[in-house]
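Enquirer: If you scroll down you'll find the structure; I have some questions about it.
Please treat every number below as a calculation from the coordinates, not as lab data. Computed from a predicted model, the values in this text were never measured in an experiment. As a convention, Cβ positions derive from the backbone with ideal geometry for all residues, glycine included, and neighbour counts pool all protein chains shown.
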Amino acid sequence: MSDFLIHVASIACIYGMLALALNLQAGFTGLVNFGLVALFGCGIYGAALAHALHWPLMGGVAAALGMAILLGAFLARLGKRLSSDYWGIATLSIAEVIRITVTNEKWTGGAQGISGLSLLFADLKPWDGLGRLGLFGAVLVLTYWLCQKIADSRFGLAMKLMREEPQLARALGHDVDGIRLRVMVISSIIAAASGVLYAHYLTFVGPDQLVSADTFLIWSMIIVGGIANNAGVVLGAVLMQFAMAFVPFVKDILGLPTDFVAAARLLLVGGGILIFLLVRPQGLLPERVGRRA
Amino acid sequence: MIQFLSDTLLRAADLALIAVGLSVVYSLIRFPNVAIVQYAVVGAFLAISLQSAGLGLFMAAAVAVLAVGGLALMFNVMIFERLLKADSAIALIGSLALSMVLMAVFLMVYGPIAYRLQLPVEPPFRLLGVRFTVWQLVTLGVSAAALAAFALLLHRTRLGTEMRAVATNAALAAATGIENRRIVNIVVFVSGMLAALGGITLALRGSVSIDMGTNLLLPVFASAVLGGLGNALGAIVGALVIAAAETVVTNTNLGFLVGEAVWFLPASYAPVASFVILVLFLLFRPRGLFVSEVSRV
């Protein structure tokens, strides 16, 4: 059981980073990105392709970050002319195009994916699980610190102004396109970094990890936890991840059919988002307004 | 060539019904309710369930269409009216969440298996050298009739005039004595009916399973954007373009590109065609093929 808890906590750390990345975009800057999983995908496939090409680990990190920065910059460019709802659908479409392409091409391993990546800290057995959890936790704390710094900075104020009053931000001389580009690139790097860690944790990378349902799971984390509150979204990530992980146990205790697991997870994500949007749109930990967070 | 036209028309007919529903609601409340593709699935499942409960095919379809209209109205009043007070992007997130909840319900009630309507088997026949089944022609006819009826409603009735007035300038429409909320409710009801009809025509030609809505989402959305979101009849043209693109991508022999005699793209690339068209349009012509009254893009 403790191995299982360590596993769920490790994955929660990864999702915590993704939630922080999405929070920079959607929470602070008002960029409604439904294609976050594609940026994460740059991370996992950067690591996987480096493995397939026998590059060293750092080569994979470089490939992952490079792809994520390019994709993030492209999405930012796309946002120049689109209002948030159009942009949201465009990002969702691009993520789907990437998933379908990855599934159908040979060099990405196709539907089988790429397996046999090196496991982090494999030689630390039996303490390797804790070692990975420690590393993921440390990276999560670092990401949290970075996101807090950004939110508290003058640049963070400009992000929030752009979210609330884009016209005013422009009128006050803020370079709105530049802010969007920088936010997208920073959060793409965070998402890709979490992807590299994930790939070297599962040691397997496949197109099933690129489904849009994952994007919505991350959305549910930031909405439940508290959009535009970094501590809130990490709390949301931990809560949602543990809730998802314990669904199969509920199924076993109640003796329900296997379909229940998939249905309950959909219900947790969709219902969680809907109920919070309707009843408590600010989330569990609301955004702190009025003072530098 | 005729084969290509018939493939395109059949696909476009399904997309158009749902895309028109999406677009006409957008014209009034300025947010794309993507859950509409799940309303189509609800319509298809309901019709199948009602038919297996003993109703005739026509009655089952009619009841399902009305029920989904009511469901769309209920969700709009309960969820989207409230979310729209915050922001249209929030309402969009809500509609994606509603889609997931509906999928969870399908999974609980129907499971992952595919269902079909019980239809008498008719031998296919040839028309202009192309093989058709009776049900393909029936769905084409139903779609065309529904779209024509909707166009008449929009352009030849007092209700349609009021709908267009609210879409163009809601405040002014209210000032002339139109009850905006009543118009929105009617339009939402009609959009649910159109979506359910689209789902049922799909069920008439094939099977229905829980991923049908997800597979419809992006082609339908691309059709609506191409036609200019909010331009209801433009969505029909958008659906034709998307359907043609999908058919071309999967049915063109690309052997000359790879140096082989016969080489086709995998069929799973069909949706990519619509996504790529969608993204290109959003980049270069976000107001769609026709410039409509949509100014906020």
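Enquirer: Pairing the Cα long axis of helix A:84-104 with the longest principal axis of chain A, what angle in degrees results, from 0 to 90 and rounded to the nearest 10?
Expert: That helix lies at roughly 30 degrees to the long axis.
Enquirer: So what's the angle, to the nearest 10 degrees on a 0 to 90 scale, between helix A:36-52 and the longest Cα principal axis of chain A?
Expert: So the inclination is approximately 40 degrees.
Enquirer: Which whole-number percentage describes the relative contact order of chain B, with Cα contacts under 8 Å and a sequence gap of 6 or more?
Expert: Details: 456 pairs, mean separation 93.4, N = 297.
31 percent.
Enquirer: Ranked by Cβ crowding within 10 angstrom, fewest neighbours first, how are A:LEU92, B:LEU55 ordered? Before the final figure, lay out the partial values.
Expert: Values: A:LEU92 27, B:LEU55 16.
Fewest-to-most ranking of A:LEU92, B:LEU55: B:LEU55, A:LEU92.
Enquirer: GNM on chain A, C-alpha springs below 10 Å: top fluctuator among A:GLY41, A:GLY232, A:GLY271?
Expert: A:GLY271
Enquirer: Let me ask something else about it. Please sort B:21-34, A:72-85 by packing, taking for each peptide the average over its residues of neighbouring beta carbons within 10 angstrom, highest first.
Expert: Numbers: B:21-34: 25.4, A:72-85: 19.1.
Put in order of decreasing packing, that is B:21-34, A:72-85.
Enquirer: Can you give the average number of partner chain beta-carbon atoms within 10 Å of each beta-carbon in peptide A:253-263, as a whole number?
Expert: Numbers: counts 0, 0, 0, 1, 2, 2, 7, 3, 1, 6, 11.
Counting Cβ atoms of other protein chains within 10 Å of each residue's Cβ and averaging gives 3.
Enquirer: Please list, in order along segment A:204-215, the HN-Hα scalar couplings obtained from phi with the Karplus expression 6.51 cos²θ - 1.76 cosθ + 1.60 (θ = phi - 60°), rounded to whole Hz, x for Gly and Pro.
Expert: Using θ = phi - 60°, the values come out as 9, 10, x, x, 5, 7, 10, 6, 5, 4, 5, 4 Hz.
Enquirer: If the elastic network links every pair of Cα atoms under 10 Å, which of A:VAL97, A:VAL279, A:VAL37 fluctuates the most in the Gaussian network model of chain A?
Expert: Per the Cα network of chain A with a 10 Å cutoff, A:VAL279 tops the list.
Enquirer: Summing -39500 (n - 2.57) over the DSSP H runs of n ≥ 4 in the protein assembly as shown and dividing by its residue number, what mean residue ellipticity at 222 nm do you reach, to the nearest 500 deg cm²/dmol?
Expert: On the way: 24 runs with 419 residues, N = 590.
So the calculated ellipticity at 222 nm is -24000 deg cm²/dmol.
Enquirer: What size of dipole, in debye to the nearest 20, comes out for chain B about its Cα centre when the only charges are +1 on Lys and Arg C-beta atoms and -1 on Asp and Glu C-beta atoms? Write out the running numbers ahead of the final one.
Expert: On the way: 16 positive and 11 negative charges, 103 e Å.
So the magnitude is around 500 debye.
Enquirer: Excluding same-chain residues fewer than 8 positions from A:LYS160, which lysines have a Cα within less than 24 Å of its Cα?
Expert: Those lysines meeting the cut-off are A:LYS80, A:LYS149, B:LYS85.
Enquirer: Along the charge dipole of segment A:2-210, which of A:CYS42, A:LEU78, A:VAL139 sits closest to the positive end, that is, farthest toward it, with unit charges on the beta carbon of Lys, Arg, Asp and Glu (+1, +1, -1, -1)?
Expert: So the residue we want is A:LEU78.
Enquirer: Restricting everything to alpha-carbon atoms, can you work out Rg to Rh for chain A with a Kirkwood hydrodynamic radius? The partial results should precede the final answer.
Expert: Working: Rg = 18.8 Å, Rh = 19.5 Å.
Across chain A, the Cα-based Rg/Rh ratio is 0.97.
Enquirer: Place a label point 7 angstrom from the Cα of A:ARG280 along the Cα-to-Cβ direction, then list the residues of segment A:217-241 whose backbone nitrogen is under 17 Å away.
Expert: Correct set: A:220-241.
Enquirer: Charges only on Cβ, +1 for Lys and Arg, -1 for Asp and Glu: so what's the dipole of segment A:2-210 about the Cα centre, in debye to the nearest 20? Don't skip to the answer; put the middle values down first.
Expert: Details: 14 positive and 12 negative charges, 94 e Å.
For segment A:2-210, the charge dipole is close to 460 debye.
Enquirer: Sticking with this structure for a sec: So how strong a dipole does segment B:44-188 carry about its Cα centre when Lys and Arg Cβ are +1 and Asp and Glu Cβ are -1, to the nearest 20 debye? Please report the intermediate quantities before stating the final value.
Expert: Numbers: 10 positive and 5 negative charges, 44 e Å.
So the magnitude is around 220 debye.
Enquirer: Could you calculate the FRET efficiency of A:PHE155 with A:MET58 from 1/(1 + (r/R0)^6), where r is the beta carbon distance between them and R0 is 22 Å, rounded to 0.05? Don't skip to the answer; put the middle values down first.
Expert: Numbers: r = 29 Å, r/R0 = 1.31.
For R0 = 22 Å, the calculated efficiency reads 0.15.
Enquirer: Using the Karplus curve 6.51 cos²θ - 1.76 cosθ + 1.60 with θ = phi - 60°, what ³J(HN,Hα) values do you get for each residue of segment B:84-89, in whole Hz, with x for Gly and Pro?
Expert: Once rounded to whole Hz, the list reads 5, 5, 7, 5, 5, 5.
Enquirer: Now for a separate question. Spin-label point model (7 Å from Cα, Cβ direction): what's the A:TRP107 to B:LEU153 distance in nm?
Expert: If labels sit at A:TRP107 and B:LEU153, their model points lie 5.0 nm apart.
Enquirer: Take the Cα pairs of the protein assembly as shown, get the Kirkwood Rh, then feed it into Stokes-Einstein at 25 °C and 0.890 mPa s and tell me D in µm²/s.
Expert: Working: Rh = 25.1 Å.
In µm²/s, the coefficient is 98.
Enquirer: Find which of B:GLY141, B:LEU107, B:LEU127 sits farthest along the positive direction of the dipole of segment B:99-231, computed with +1 on the beta-carbon of Lys and Arg, -1 on that of Asp and Glu, about the Cα centre.
Expert: Result: B:LEU127, furthest along the dipole toward the positive end.
Enquirer: Additional query: Relative to the longest principal axis of the C-alpha atoms of chain B, give the angle of the C-alpha long axis of helix B:234-251, reported between 0 and 90° and rounded to the nearest 10°.
Expert: 20 degrees
Enquirer: Something else about it: Looking only at A:VAL250, A:VAL205, A:VAL238, which one moves most when chain A is put into a Gaussian network model with springs between Cα atoms under 10 Å?
Expert: Maximum fluctuation in the GNM of chain A, among the listed residues, is at A:VAL250.
Enquirer: If you don't mind, there's one more thing I want to ask. Given an 8 Å cut-off on Cα distances and at least 6 residues of separation, report the relative contact order of segment A:2-210 as a percent.
Expert: On the way: 289 pairs, mean separation 88.7, N = 209.
After rounding, I find 42 percent.
Enquirer: Cα gyration tensor of segment B:1-62, axes a ≥ b ≥ c as square roots of the eigenvalues: rounded (a/c below 1.5), prolate (a/b > b/c) or oblate? If you can, show how the numbers build up before the last one.
Expert: Numbers: a/c = 2.93, a/b = 1.13, b/c = 2.59.
Oblate.
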